[in-house]
Amino acid sequence: MKTNSKLVHLGRSPETNDGVVNPPVNHTSTILFETLEAFEAAKKGQGTRAQYGRFGSSTHRAFEKTLAELEGACGALLCPSGVSALTTAYLALVKAGDHMLVSDSAYEPTRFFADQVLAPMGIEVSYFTAADIDDFKACLKPNTSLVVLESPGSLTFDIQDIPTIAAAAHNQGALVLVDSTYSSPLLMDAYALGADLTVYSASKYVCGHSDVMMGVITAKAEVVFKRIKKMHAMLGVCTAPDDIYLVQRGLRTLAPRLKHHEAAAIEVAKWLEQQPEVAAVLHPALPSHPQHALWKRDFKGSNGLFSIVLQPSSRAAVAAMLDSMHYFKMGFSWGGYESLVIPFSLQGIRKTFPYSHTGQGLRLHIGLEDVEDLKADLRAGLDRFSKAA
């Protein structure tokens with residue numbers, strides 16, 4: 001079955017559900033057992049039923065199986081947010097005395113959790129320059145047990161050489177976790193590149209409608225999956241069945257939505273490269289991106305997310321641009337149908353990253369609106385920026 005067909009058909013069984021197209025949504029806390037044998041089997045994690053609603057139902061299992069099959073993983077677990085998925089995986093895979101090595105372009109909550117929660121627990125945390133393989137190798141230690149990658153990296157869209165990193169990490173006995181939120185299950189085959197597990201926010205493109213929070217963990221090997229599943233259960237991590245229904249519905253249209261986001265974003269990004277107020281466009285699918293060749297090698301496409309850097313100016317000029325945008329409203333997250341913009345600064349965030357730009361950074365998400373409308377909104381904003389500079 002090809003990928004687009006999998007998106008439509010996995011996780012559904014109308015023939016066992018009175019012909020209904022979509023799988024049923026089961027709401028429960030209590031699960032009943034008719035025999036002592038079945039009750040005892042459930043307590044041991046055996047049999048076909050979970051022992052309690054917190055451990056999921058057929059609604060959870062169907063969607064988890066779908067996500068695992070899409071990525072070629074041995075299993076998947078659902079979490080109530082992308083951050084919850086990340087932190088659950090970290091707690092399962094590192095312990096006191098271990099070293100966790102993180103790409104310096106990683107998502108801020110990963111950095112906060114590593115520095116403020118893991119480090120005080122006796123776990124050594126350090127960061128390597130995302131696009132510098134020599135720096136990565138120099139940062140590996142005998143006690144490195146987990147390498148955390150995010151390719152492209154948050155805000156600056158750095159591409160990491162995952163196969164080379166994975167080979168070096170595995171030689172040290174370390175696992176490689178890839179935050180693949182940018183890619184969703186479609187744009188990059190993390191396991192073919194050498195990853196041991198993936199984590200991503202399904203709140204973004206998989207959902208696609210900006211109305212659900214959900215995270216996903218998948219693992220390639222059963223032994224790794226069992227470690228994460230045990231931690232997942234001990235932490236009481238669970239997701240609501242109605243949320244699963246909504247994200248599963250979004251998954252069915254993921255492929256055509258991504259194609260539209262990709263085409264529109266590339267058109268807008270190329271247009272922005274020609275605007276005098278823009279100092280740089282950070283989009284890995286453009287030839288101007290410093291790791292464009294790596295992106296072409298490892299990715300099957302791009303999406304609607306990229307960043308720009310404005311020419312150096314005042315805060316008042318940036319405010320004049322952003323405060324009156326019509327389509328590009330300021331809001332965190334991305335991956336929905338609407339266009340978004342957020343200003344960002346790397347000061348105090350990055351530890352090793354060689355960032356040379358001095359102008360204001362803006363992360364853009366290109367939604368499903370007409371591209372000409374989006375260009376007009378950005379042009380009007382840049383005009384306000386220029387006048388207030």
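The values are calculated or read from the model by the stated rules, or taken from the named source; none is laboratory data. The model shown is predicted, which means the values in this text are computed figures rather than measured ones. Methodologically, a virtual Cβ is constructed for each residue, glycine included, from the backbone with ideal geometry; neighbour enumeration extends over all protein chains shown.
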- Query: Name the residues in segment 270-285 that are under 24 Å from the mean Cα position of the chain (by Cα) and either without any contact (Cβ under 8 Å) to a residue 40 or more places away in the chain or assigned by TED's automatic domain parsing to the domain that holds Ile133 (or both), would you?
  - Reply: Val281, Ala285
- Message: With the requirement that a residue be of a type in the set (Lys, Arg) and over 22 Å from the mean Cα position of the chain (by Cα), what does segment 292-336 give you?
- Response: Arg315
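Evaluate segment 35-45: report whether one residue or more is in a helix (DSSP H, G or I), out of contact with any strand residue (DSSP E or B) (no Cβ under 9 Å at 6 or more places or on another chain), loosely packed, with under 13 Cβ neighbours inside 10 Å and at pLDDT below 90.
Yes, there is a match, as at least one residue in segment 35-45 is in a helix (DSSP H, G or I), out of contact with any strand residue (DSSP E or B) (no Cβ under 9 Å at 6 or more places or on another chain), loosely packed, with under 13 Cβ neighbours inside 10 Å and at pLDDT below 90.
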- When residues of segment 46-62 are limited to those that are part of a helix (DSSP H, G or I) and touching a Cys at 6+ places or on another chain (Cβ under 8 Å), the one surrounded by the fewest Cβ atoms within 10 Å (Cβ to Cβ): Arg54
- Flag for Arg61 being out of contact with any His (no Cβ under 9 Å at 6 or more places or on another chain), charged (D, E, K, R) and without any contact (Cβ under 8 Å) to a residue 24 or more places away in the chain: yes
- Query: If you take the residues in segment 268-312 that are of a type in the set (S, T, N, Q) and touching a Gly at 6+ places or on another chain (Cβ under 7 Å), which one is farthest from Met188 (Cα to Cα)?
  - Reply: Gln311
- Just need a number here: residues in segment 261-284 that are surrounded by fewer than 16 Cβ atoms within 10 Å (Cβ to Cβ) and part of a helix (DSSP H, G or I). 4
- Query: What do you reckon, is Val21 part of a helix (DSSP H, G or I), closer than 18 Å to Val247 by Cα and in contact with a Lys or Arg (Cβ under 8 Å, 6 or more places away or on another chain)?
  - Reply: no
